[in-house]
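Engineer: Take this structure first; my questions come after.
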Amino acid sequence: MMNIAILSRNPRLYSTSRLVAAAKERGHEVRVLDHLHCYMNITSMKPTISYKGEKLEGYDAVIPRIGASVTFYGTAVLRQFEMMGVYPLNESVAISRSRDKLRSLQLLARKGIGLPVTGFAHNPDDVSDLLDSVGGAPVVIKLLEGTQGIGVVLAETKKAAESVIEAFMGLHANILVQEYIKEAGGADIRCFVVDGKVVAAMKRQAKAGEFRSNLHRGGSADIIRITPEERSTAVRAARIMGLNVAGVDLLRSNHGPVVMEVNSSPGLQGIEQSTGKDVAGMIIHCIEKNAKQGKTKTRGSG
């Protein structure tokens, strides 16, 4: 039996409640902690974490479900657990790496993973040349800090793209400009990777008139059979990020699978309901297999 902590702001969320149920089913003690209510004593002799006046001790493993808006504080709390020798399902450095869209694309590109042609710029004087460098309109423009499809715009003409880019830059926002993979037809593939294997995959299809396939944007999900190349791309992408559990989002392009994003806290609801698989149980099994006191060696690079 293990003592497992889940870092989550809301115990009623589908993903959190499923992980709690799966852990209890396998005979473990489990507790949900709101990471924003954790506070830390950072000393070299005995690092500690307190929660609402109580010192947290005796945990074997921690499952981070850290929202993008609180990545900085959430990963600091997770790092403190790591300093105390608690096994993290995903390590703090890997989560920080995957949350930085630009950094993660650079790491994936360096290792030869297929990606959409992507541009990044800071100076509005470079807009026209930036658009030409990714093959011209139509292009997808993304806020670096956006999640769940928010801050993602499809610009169908060069004029529209220039206007959107200049507007974002006027707000001093960091943006990526990517080629639009038209042949994907508004669909992407979410591959759920656990412990180096794709354990489930679903196709997410954008609703009519929409190009973003996120379920939060009204997209639909269905089970899909993925190719060996898609499977190995997803596994490699998760490994490069250093993530034991990841949602790897792929597009089917004319030149093979391209990675859109690697998500370090992928939701369980869409994948479990569309595939009928007990993904939460697989995550707990991964912890049972790998959790050892002090096993927090950072994997991946960069």
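Engineer: Test each condition in (1) under 15 Å from M241 (Cβ atoms); (2) of a type in the set (A, V, I, L, M); (3) not in a loop (DSSP other than H, G, I, E, B) for V20 and report the one that comes out false.
Structural biologist: That leaves (1) as the condition not met.
Engineer: Do we find a residue being free of Cβ contacts under 8 Å to residues at least 60 places away in the same chain, closer than 30 Å to S50 by Cβ and of a type outside the set (S, T, N, Q) anywhere in the stretch 96-115?
Structural biologist: Of the stretch 96-115, the ones free of Cβ contacts under 8 Å to residues at least 60 places away in the same chain are 96, 100, 109, 112.
Still in the running and closer than 30 Å to S50 by Cβ: 96, 100.
With the extra rule that they be of a type outside the set (S, T, N, Q), the set shrinks to 100.
Yes, the stretch 96-115 contains a residue that is free of Cβ contacts under 8 Å to residues at least 60 places away in the same chain, closer than 30 Å to S50 by Cβ and of a type outside the set (S, T, N, Q).
Engineer: So, in the stretch 212-252, how many residues would count as being at pLDDT 80 or above, in a helix (DSSP H, G or I) and not charged (D, E, K, R)?
Structural biologist: Selection size over the stretch 212-252: 9.
Engineer: Limited to the stretch 32-56, what total is found for residues that are of a type outside the set (A, V, I, L, M, F, W, C) and either under 26 Å from S15 (Cβ atoms) or at pLDDT 95 or above (or both)?
Structural biologist: 8
Engineer: For residues in the stretch 188-211 being small (G, A, S) and modelled with pLDDT under 95, which is nearest to R239 (Cα to Cα)?
Structural biologist: Residue satisfying both the conditions and the ranking: A206.
So that you can scan it fast, the table gives a plain yes or no per residue for (1) closer than 30 Å to L176 by Cα; (2) crowded, with 20+ Cβ neighbours inside 10 Å:
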{"position": "T16", "(1), (2)": "no, yes"}
{"position": "D34", "(1), (2)": "no, no"}
{"position": "R65", "(1), (2)": "yes, yes"}
{"position": "S92", "(1), (2)": "yes, yes"}
{"position": "D100", "(1), (2)": "yes, no"}
{"position": "L105", "(1), (2)": "yes, yes"}
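Engineer: Now a separate question. Read through the list (1) out of contact with any Ser or Thr (no Cβ under 9 Å at 6 or more places or on another chain); (2) modelled with pLDDT of 95 or more, then give the number of the only condition that S301 fails.
Structural biologist: Among (1) out of contact with any Ser or Thr (no Cβ under 9 Å at 6 or more places or on another chain); (2) modelled with pLDDT of 95 or more, the lone unmet condition for S301 is (2).
Engineer: Taking N41 as the residue in question, decide whether it is in contact (Cβ under 8 Å) with a residue 40 or more places away in the chain, polar (S, T, N, Q) and either surrounded by fewer than 19 Cβ atoms within 10 Å (Cβ to Cβ) or at positive phi (or both).
Structural biologist: In short, no.
Engineer: Quick one: what pairs do we get from the stretch 161-176, first residue assigned to a helix (DSSP H, G or I), second of a type in the set (G, A, S) and modelled with pLDDT of 85 or more, C-beta under 6 Å, 6+ apart or different chains?
Structural biologist: Hits for this filter: A161/A137; A161/A155; V164/A155.
The values are calculated or read from the model by the stated rules, or taken from the named source; none is laboratory data. Nothing here was measured: the structure is a model prediction, and the numbers come from that model. Quick reminder, even Gly has a Cβ in these numbers, built from the backbone with ideal geometry, and neighbours come from all protein chains shown.
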